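To start, the structure under review is shown below, and the notes come after it.
The values are calculated or read from the model by the stated rules, or taken from the named source; none is laboratory data. Bear in mind the structure is a predicted one, so any value in this text is a computation, not a measurement. Here Cβ is always computed from backbone atoms with ideal geometry, including for glycine, and neighbour counts include all displayed protein chains. Please note that ligands, DNA and RNA were not included when accessible areas were found on the heavy atoms of the full protein model with its side chains. Shrake-Rupley method; radii C 1.70, N 1.55, O 1.52, S 1.80 Å.
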Amino acid sequence: MNFFTNKGITLLVLVVTISISIILITTATIFSSTVIENAKLTTFVNDLNDIENSVESYYINNLVFPILEKEIPLKKDDILLLARKDAKLKLNDEIKENEDLDSTFYKIDLSKINVTKTNYGNGKKGENDIFVVAYPSFKIYYLYGMDSKSTTYFSITPKLSSVVKIKEPILDSSTICTSAGIIVNKSNNWSNKMKVNIEVKMEIGEQLFMSVSGYKERLITTKYGNNIFGFDLLSSIVNNTETIKVPTLTLEEANFIEDNIKSINERYVDILKYKDSKLIGKVKIDLSNFNKSIPMIENIILSTNENMNTIMLQLKKSDCGIKEIRFEYLKKYIDNYTVENYYEGINDFDNIYMLSKGKKAKIKSDLSASINVPKNVQIIKIILVDKADNINSYNQEISSNKHINYKIDSNIKPELTLTANFLNITEAINVKFSKSIDGINFTDEITYSISVNEQKKQHTFYNVNSDRIYVKLVINNKDNSIEETKIIKCTMLDNNVPDKPIEPEKPGFSYNNPIIPVGFTYKEGAWNTGYVIEDNKHNEFVWVPVDNINVKYKKIFSYLSDYNAGEKNTSEDELPIGVKDEQEQIKKYGGFYIARYEAGKEGETLVIKKDSKVWNNINYTNAKIKAESFINTSSVKSGLVTGTMWDTLLRWINNSGNNVIDSKAWGNHKDSTKPANVTGFGSLQKTGFSQLWQVNNIYDIAGNALEWTNEKFDIFRIYRSGCYSLSGTTDPASYRYSNFVNNSLQTLSFRIVLYIN
């Protein structure tokens, strides 16, 4: 039949053509949509896979995850809180499917693994637009989720792997050697793993051998065609746990390199190919960058002075060199002369914590290092990390046998009586008492012999007529070597005059030589990391050093604020009654003392103590009365912290490496990760509840409760700190809030400072 006429296409042909076109367009649209979805899934999966490989490689090389600065670990419930509301159940199911219900999760800092351009995990969609890694599975999750074909994906699951082909990771290599079809790939960086990958094509009649440090050639099990295998340790080949099979390799040969039996230029492996018993190819694998020997401390010397204990470390020389020394406090002496955990509830720290959060010690060119620790620290944990990422851990006792505590029994002129207590005396010792007016030249030394069964000794100094006196206590061993020294500043009182103000000692006090007010004694810490004093009722205060260079005594108006006055610099501080010039103390002594804890409550008594009930739901008027009545003598007055003092404190905290305009990492906020013993989010805790919520020995400056200050604007008063029910990002430690003087809130407390005459 002829469908064409001289006038064109017939109607039937036109109808058929249109129908076919509609079918083709519909099919093409469906096909195009499927292709786009598959391409999107493929991109997502390969991104996840690349990040997973990069994170695992970063961890292997650094023994710590590439996490955000000051990021703290998360648990499964924390992750679900971050997830999209419509995807929480799906994420929970996927975590369960991956067997990560009990895992610890860390937010990934993509910049640390050199991922700068990505469609995912860049935070543009909100706080859940991030990648996290689960430990110990190393599984990567994208918390926002990828939506495709009515399903939401968060990680690479078996279901997703069956849909999308995952590209193979690219080996991070620095050396490739070839010979006669042998391709060897390995890293040149210092490492405690050999990281050798071998690819070789075997023909009929060919055999492959391995030789360690030029020793016997051992047959490698191969097959005809392409062979791919590798090894991280020679001893693992012997134990048959590597992909390469060398049945006759001995542990003795493996130890040539792994135990450093051979010199560094003899640490190599040869891969040899023979055909018909003739050598046709050979690749020498240089393993001089491999080091499995853990770094060691060769010698430890403990020394002491009246302020600190010092640990001098001499490190043992190693081929690869020491990369880092980190330490953290584990145990401390307390008032009843017993030992407890330095941080409440923490018995030890794992390597992940130590490498990311531990304190650093500087390594000198002669492989020595010194660590200064407060006098009350009894045990510290030290880890050494070499350039091959080998780690060694030590628990070092600081003053395991001898430690001095004391109490002043009487300080009424002209006599000073005090009792020295000696902790853990295991052998007879000599104890020397001497006194000084200037803290430098000591006289009237007297020595007592103390037996093993004695734990204390009382001594009285007579004819003491000065207002301040220094007492030196020295413990000597049997060989007369000094084991421990403590210098005590004692204030002498006139008879029947319990609290007479005195002039500053000479040389004058300064920001790095804190004054101790009358009625207070030193407890712990150093001037730059939190110098703590306490009164006779154990209320505690911390010195804020003001050098006017790094830490300036000045109000900061660039901080976030919910009132315009803060930006216009029209607010002012209202000082306590009797205090004319707040700056007078700063100029005279180089700093001020702030309460270590938020205001605590024992009945109707204000206390500054750990584990107290927070005095909340209090208005400004009553907080001011309580603050100013805490202490009011001729030597010391108390009052609410002022706005200028708060900002000066924040400047010191910020210089210590803590972000004051986003304080969720170090305060009790609703978006902070809570310690393990917190039962839930958004709750007010007791004072000093967690070591995670302190900086420079001061607790809860970020969060727990909001805190009234003496800063005023018009008819309002200002409070600071942020709290447990607010975000540490939007309402941090630096935020200013305003309220009427007679208003009170459940979330609102206060904090006091000392004014020294």
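Strands (runs of 3 or more DSSP E) fully within the stretch 52-148 that include at least 2 residues being of a type in the set (A, V, I, L, M) and at pLDDT 90 or above: 131-135. Tell me yes or no: at least one residue of the stretch 157-172 is within 21 Å of SER672 (Cα to Cα) and either touching a His at 6+ places or on another chain (Cβ under 6 Å) or at pLDDT 80 or above (or both). No, the stretch 157-172 contains no residue that is within 21 Å of SER672 (Cα to Cα) and either touching a His at 6+ places or on another chain (Cβ under 6 Å) or at pLDDT 80 or above (or both).
Of everything in the stretch 644-653, what is in contact with a helix residue (DSSP H, G or I) (Cβ under 9 Å, 6 or more places away or on another chain) and either closer than 19 Å to SER738 by Cα or among the small types (Gly, Ala, Ser) (or both)? Give them in sequence order.
Within the stretch 644-653, the subset in contact with a helix residue (DSSP H, G or I) (Cβ under 9 Å, 6 or more places away or on another chain) is 644-645, 648.
Matches in the stretch 644-653: THR644, MET645.
I'm trying to understand the selection: among the residues of the stretch 471-482, which are closer than 14 Å to LYS407 by Cα and either modelled with pLDDT under 85 or aromatic (Phe, Trp, Tyr) (or both)? Step through it out loud before you land on a result.
Keep residues of the stretch 471-482 that are closer than 14 Å to LYS407 by Cα, which gives 471-473.
Correct list: empty.
Checking each residue in the stretch 732-741 for being in a loop (DSSP other than H, G, I, E, B) and touching a Ser or Thr at 6+ places or on another chain (Cβ under 6 Å) picks out PRO732, ALA733, VAL741. If you check ASN539 against the conditions, is it touching a strand residue (DSSP E or B) at 6+ places or on another chain (Cβ under 8 Å) and at pLDDT 95 or above? Answer is yes for this residue. Yes or no: LYS402 out of contact with any helix residue (DSSP H, G or I) (no Cβ under 8 Å at 6 or more places or on another chain), open to solvent by less than 50 Å² (accessible area, probe 1.4 Å) and at pLDDT below 85? Spelling it out, LYS402 is indeed out of contact with any helix residue (DSSP H, G or I) (no Cβ under 8 Å at 6 or more places or on another chain), open to solvent by less than 50 Å² (accessible area, probe 1.4 Å) and at pLDDT below 85.
Of the residues that make up the stretch 606-620, is at least one touching a strand residue (DSSP E or B) at 6+ places or on another chain (Cβ under 9 Å), over 18 Å from TRP693 (Cβ atoms) and of a type in the set (Lys, Arg)?
Restricting attention to the stretch 606-620, the residues satisfying the condition of being touching a strand residue (DSSP E or B) at 6+ places or on another chain (Cβ under 9 Å) are 606-620.
Among the residues that remain, those that are also over 18 Å from TRP693 (Cβ atoms) are: 606-607, 617-620.
Still in the running and of a type in the set (Lys, Arg): none.
No - not one qualifying residue is present in the stretch 606-620.
For the stretch 512-532, taking the residues that are open to solvent by 50 Å² or more (accessible area, probe 1.4 Å) and either of a type in the set (D, E, K, R) or in a loop (DSSP other than H, G, I, E, B) (or both), the one that is nearest to LEU754 (Cα to Cα) is identified as GLY519.
For the stretch 453-474, the set of residues classified as more than 44 Å from the chain's Cα centre (by Cα) and open to solvent by less than 50 Å² (accessible area, probe 1.4 Å) consists of HIS459, THR460, PHE461, VAL464, SER466, listed by residue number. Considered as a group, the residues in the stretch 106-140 that are small (Gly, Ala, Ser) and either within 21 Å of LYS40 (Cα to Cα) or open to solvent by 30 Å² or more (accessible area, probe 1.4 Å) (or both) include one that is nearest to the chain's Cα centre (by Cα), and that residue is SER111. Scanning the stretch 693-731 for residues that are open to solvent by less than 10 Å² (accessible area, probe 1.4 Å), at pLDDT below 90 and part of a loop (DSSP other than H, G, I, E, B) yields GLY722, GLY728.
Once the stretch 317-353 is narrowed to residues that are without any contact (Cβ under 8 Å) to a residue 40 or more places away in the chain and farther than 30 Å from ILE404 by Cα, the residue that is surrounded by the most Cβ atoms within 10 Å (Cβ to Cβ) is TYR353. Restricting attention to the stretch 258-288, the residues that are touching a helix residue (DSSP H, G or I) at 6+ places or on another chain (Cβ under 8 Å) and either in a loop (DSSP other than H, G, I, E, B) or at pLDDT below 95 (or both) total 7. The residues listed here are ASN289, ASN309; of these, the one that is touching a residue at least 40 places away in the same chain (Cβ under 8 Å), within 20 Å of MET210 (Cα to Cα), among the polar types (S, T, N, Q) and touching a strand residue (DSSP E or B) at 6+ places or on another chain (Cβ under 8 Å) is ASN289. Looking across the stretch 613-670 at every residue that is under 34 Å from the mean Cα position of the chain (by Cα) and among the acidic types (Asp, Glu), the one that is nearest to HIS538 (Cα to Cα) is identified as ASP647.
For the stretch 405-452, the strands (runs of 3 or more DSSP E) that sit wholly inside it and include 1 or more residues that are open to solvent by less than 20 Å² (accessible area, probe 1.4 Å) and more than 15 Å from VAL474 (Cα to Cα) are 416-423.
Within the bounds of the stretch 178-188, is there any residue that is under 19 Å from ARG84 (Cβ atoms), modelled with pLDDT of 90 or more and aliphatic (A, V, I, L, M)?
Here is the first cut: in the stretch 178-188, the residues under 19 Å from ARG84 (Cβ atoms) are none.
No - not one qualifying residue is present in the stretch 178-188.
So, in the stretch 78-96, how many residues would count as being more than 18 Å from ILE108 (Cα to Cα) and open to solvent by 20 Å² or more (accessible area, probe 1.4 Å)? Of the residues in that region, 9 qualify.
Could you pull out the residue among ASN197, ASN188, ASN227 that is open to solvent by 40 Å² or more (accessible area, probe 1.4 Å), assigned to a strand (DSSP E or B), under 30 Å from TYR59 (Cβ atoms) and among the polar types (S, T, N, Q)? Within the list ASN197, ASN188, ASN227, the selection yields ASN197. If I go through the stretch 607-634 residue by residue, how many of them are closer than 14 Å to TYR719 by Cα and β-branched (Val, Ile, Thr)? Qualifying residue count, the stretch 607-634: 2. The strands (runs of 3 or more DSSP E) found entirely in the stretch 289-367 that carry 2 or more residues being farther than 30 Å from GLU454 by Cα are 297-304, 308-315, 322-333, 359-361.
For ASP611, the conditions (1) open to solvent by 30 Å² or more (accessible area, probe 1.4 Å); (2) closer than 28 Å to ILE556 by Cα are fulfilled apart from (2). Of the residues LEU287, LEU251, LEU279, the single one that is over 34 Å from the mean Cα position of the chain (by Cα), among the aliphatic types (A, V, I, L, M) and buried (at least 19 other Cβ atoms within 10 Å of the Cβ) is LEU287. ASN548 satisfies every condition listed in (1) at pLDDT below 90; (2) crowded, with 19+ Cβ neighbours inside 10 Å except (2). Inspection of the stretch 575-587 identifies no residue that is crowded, with 18+ Cβ neighbours inside 10 Å, of a type outside the set (S, T, N, Q) and either at pLDDT 95 or above or touching a Pro at 6+ places or on another chain (Cβ under 8 Å) (or both).
If only one of SER103, SER148, SER155 is out of contact with any strand residue (DSSP E or B) (no Cβ under 9 Å at 6 or more places or on another chain), open to solvent by less than 30 Å² (accessible area, probe 1.4 Å), hydroxyl-bearing (Ser, Thr, Tyr) and more than 29 Å from VAL660 (Cβ to Cβ), which one is it?
Values: SER103 fails: out of contact with any strand residue (DSSP E or B) (no Cβ under 9 Å at 6 or more places or on another chain); SER155 fails: out of contact with any strand residue (DSSP E or B) (no Cβ under 9 Å at 6 or more places or on another chain).
Unique residue meeting the criteria: SER148.
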